[in-house]
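Engineer: I'd like to ask you about the structure that follows.
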Amino acid sequence: MDLALLRTFVTVHRAGSFTRAAALLGLSQPAVTSQIRTLERQVGRPLFLRQARGVTPTTIGDELAHKTAPHLDALVEIAESRLEEDSSLRTLHLAGPPEFTAERALPALTELTGEDGHGFALRASFGTADEVLEGLAAGHHDLAISTVRPRGALLSATALCDEEHVLVAAPGWTRRIGVAALRRAGPAALERVPVVEVHESLPFVSRYWAAVFDSRPVCPGTVIVPDLRAVLACATAGAGLAVLPRYLCAGALERGDVLALYEPTVPPLRTYFLAVRTGTLAMPHIARAHEWLERAAADWC
């Protein structure tokens with residue numbers, strides 16, 4: 001049985017789509033379709049059920065994937081190990097949210113870029129959870145950090161760490177609101193306070209209000225800027241209240257640039273996931289970066 005056909009088959013099985021598999025393999029969709037039909041003729045049974053959106057493997061298809069995928073991944077590992085011996089430097093493509101990637105992931109990974117004989121070049125890009133996962137699935141990235149756990153067989157993910165969210169404002173606002181008033185009146189004491197956020201939908205503030213106050217925020221966003229570091233800068237300058245990851249505002253809290261308006265018994269948390277395309281951890285430089293980030297994340301929680 002042709003290994004190229006099996007490689008295409010496993011890619012389609014993991015991607016759940018001829019179109020996405022074609023993009024990952026660098027082939028045209030008709031070429032992928034033709035290869036799958038050839039393999040189906042050799043097997044004598046249909047391997048996929050064609051649907052309006054993608055394909056679903058048949059029982060035979062699932063069985064064939066289960067038997068062949070580990071061996072194909074092992075062959076990839078052998079090939080990549082040989083490539084690594086022949087090349088002094090591989091390139092790792094990482095994608096994730098701008099703040100977490102810049103503040104957490106990149107500083108950790110730069111320790112690996114200079115390793116004698118085992119380092120790699122590093123390329124990073126930023127985006128939303130949907131954007132980085134779509135880019136990973138399309139083969140544009142090797143690793144993706146996301147606040148959404150990917151679904152399907154094409155991508156696999158590991159929980160990396162949790163971040164705690166804190167409701168903060170500049171000292172002037174805390175004096176004006178009064179901590180006692182906030183404890184007494186709850187979110188009603190904040191209705192006239194401007195909000196600084198990353199998007200018009202107020203994702204951080206809305207999540208905090210729902211988890212802590214069991215309500216929705218009333219005040220619309222006054223300052224909208226798509227970077228949490230800029231949100232912190234605006235909150236520090238007195239633009240209004242903001243909900244920020246504690247790791248990002250810890251220094252400002254220690255200096256007194258901003259103060260925590262409320263300290264709930266159970267603070268809201270958000271989980272980050274480290275995602276890869278299934279099978280790519282067979283590549284040594286991706287596996288090393290994945291392991292290194294997992295190890296570093298133990299100190300981030």
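The values are calculated or read from the model by the stated rules, or taken from the named source; none is laboratory data. If you're wondering where the values come from, they're calculated on a predicted model, not measured in any experiment. As a convention, Cβ positions derive from the backbone with ideal geometry for all residues, glycine included, and neighbour counts pool all protein chains shown.
Engineer: Test of understanding: among A275, A260, A296, A289, which residue is within 21 Å of the chain's Cα centre (by Cα) and assigned to a strand (DSSP E or B)? Full working, then the answer.
Structural biologist: On the way: A260 fails: within 21 Å of the chain's Cα centre (by Cα); A296 fails: assigned to a strand (DSSP E or B); A289 fails: assigned to a strand (DSSP E or B).
It is A275.
Engineer: Yes or no: T59 among the β-branched types (V, I, T), free of Cβ contacts under 8 Å to residues at least 40 places away in the same chain and surrounded by 13 or more Cβ atoms within 10 Å (Cβ to Cβ)?
Structural biologist: In short, no.
Engineer: Also, quick follow-up: Can we say T236 is assigned by TED's automatic domain parsing to the domain that holds V179 and polar (S, T, N, Q)? Even if it seems obvious, please write down each step before you answer.
Structural biologist: Working: assigned by TED's automatic domain parsing to the domain that holds V179: yes; polar (S, T, N, Q): yes.
Answer is yes for this residue.
Engineer: Return the only residue of T38, T33, T19 being farther than 14 Å from A69 by Cα, in a helix (DSSP H, G or I) and touching a Phe, Trp or Tyr at 6+ places or on another chain (Cβ under 6 Å).
Structural biologist: Unique residue meeting the criteria: T33.
Engineer: Okay, moving on. Among the strands (runs of 3 or more DSSP E) contained in the range 131-235, which hold 3 or more residues that are among the aliphatic types (A, V, I, L, M) and surrounded by 16 or more Cβ atoms within 10 Å (Cβ to Cβ)?
Structural biologist: 143-146, 155-169
Engineer: Taking R246 as meeting all but one of (1) in contact with a helix residue (DSSP H, G or I) (Cβ under 6 Å, 6 or more places away or on another chain); (2) surrounded by fewer than 18 Cβ atoms within 10 Å (Cβ to Cβ); (3) not aliphatic (A, V, I, L, M), write down the number of the exception.
Structural biologist: R246 satisfies every listed condition except (1).
Engineer: In this structure, is V12 of a type in the set (A, V, I, L, M), touching a residue at least 40 places away in the same chain (Cβ under 8 Å) and touching a strand residue (DSSP E or B) at 6+ places or on another chain (Cβ under 6 Å)? Full working, then the answer.
Structural biologist: On the way: of a type in the set (A, V, I, L, M): yes; touching a residue at least 40 places away in the same chain (Cβ under 8 Å): yes; touching a strand residue (DSSP E or B) at 6+ places or on another chain (Cβ under 6 Å): no.
When the stated conditions are applied, V12 does not pass them.
Engineer: Being under 17 Å from H141 (Cβ atoms) and at pLDDT below 95 is the requirement here; does E85 meet it?
Structural biologist: Spelling it out, it is not the case that E85 is under 17 Å from H141 (Cβ atoms) and at pLDDT below 95.
Engineer: Filter the range 47-56 down to the residues that are loosely packed, with under 15 Cβ neighbours inside 10 Å and either polar (S, T, N, Q) or closer than 20 Å to A4 by Cβ (or both) and list them by number.
Structural biologist: Correct list: Q51, T56.
Engineer: May I ask you to list the residues in the range 236-252 that are under 24 Å from G96 (Cβ atoms) and not in a strand (DSSP E or B)?
Structural biologist: Passing the criteria: R246, Y247, L248, C249, A250, G251, A252.
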